[in-house]
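Novice: Pasting a structure below so you can have a look.
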Amino acid sequence: MIKKNLKTIMKSSYAVLMAWGLLCFSPCMMVSCSESDDTVNEYENWQQRNETYFSARYQEAKDSIAAGKTNWKLIRVFSKVNDEKCTQMDYVIARVLESTPLYDGAGEPNVSETPEYTDSVQIHYRGHLMPSVSYPKGFQFDSSWYGDYDLTTMLPAKMKVSNMVVGMSSAIMQMHEGDRWELCIPYRLGYNTTGTTDVPAYSTLIFDITLHAIGKPGKAMPAVR
């Protein structure tokens, strides 16, 4: 009987201590979460931020073109015909970093072809997102080279124009071999509202891209060094 009562008393005391401990501990936990939690929400209001960012870049390109600067281009998505009404989201912004010479060594026009939708290409590329809290230069989600940009050591990636996101394929089809452009692609011409494993939905895509070579269907691509 004594053992039973003792056991009951011990259980009751343990329950009281546990309840008191939880009562004292819970506020501490809440304060810790609310005051010292430094978790960064990297993609908060991501759609709105990307739309604002792209709109500003679009206006910058438009103003630069109006001012006579030839290193800026606004490239309409290839699926839109001339008579269709377009919005900002139907354009890719291209800033020319390097371009093929207009004339060859003999002074003749340097005419070279541009890729078609059915072609394959060899390209150097590096893709990142717009600047964010943890990535002031934008999170890099893909790249065909490591380290510095150096054509003597970089190896191009091969891909079909038709397999690219529509914004990139639209721009690639305006490039000549040797051109290096920075592309700013609105999310509607990129991964749209779904995203990928490494790219959140509604992301503006920014690419540093160099067209190395063009390959026609049924023909072998040029050898790479």
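Novice: State the percentage of accessible surface on region 93-223 attributable to carbon and sulfur atoms; use a 1.4 Å probe and exclude ligands, DNA and RNA.
Specialist: On the way: 3340 of 6660 Å².
Looking at region 93-223 in its full context, I get 50 percent from C and S.
Novice: Per residue, how much accessible area does region 115-187 show when a 1.4 Å probe rolls over the protein heavy atoms, in square angstrom? Before the final figure, lay out each step's value.
Specialist: Numbers: 3350 Å² over 73 residues.
Accessible area per residue, region 115-187: 46 Å².
Novice: Sticking with this one: Pull out the extension gain between Glu60 and Asn41, defined as 0.36 nm times the separation in residues minus the alpha carbon to alpha carbon distance; nm, one decimal.
Specialist: Working: separation 19, 0.36 × 19 = 6.84 nm, distance 2.82 nm.
Result: 4.0 nm gained on full extension.
The values are calculated or read from the model by the stated rules, or taken from the named source; none is laboratory data. Quantities reported herein were computed from a predicted structural model and do not represent experimental measurements. Note: accessible area is taken over every heavy atom of the protein model, side chains too, but ligands, DNA and RNA are not part of it. Shrake-Rupley method; radii C 1.70, N 1.55, O 1.52, S 1.80 Å.
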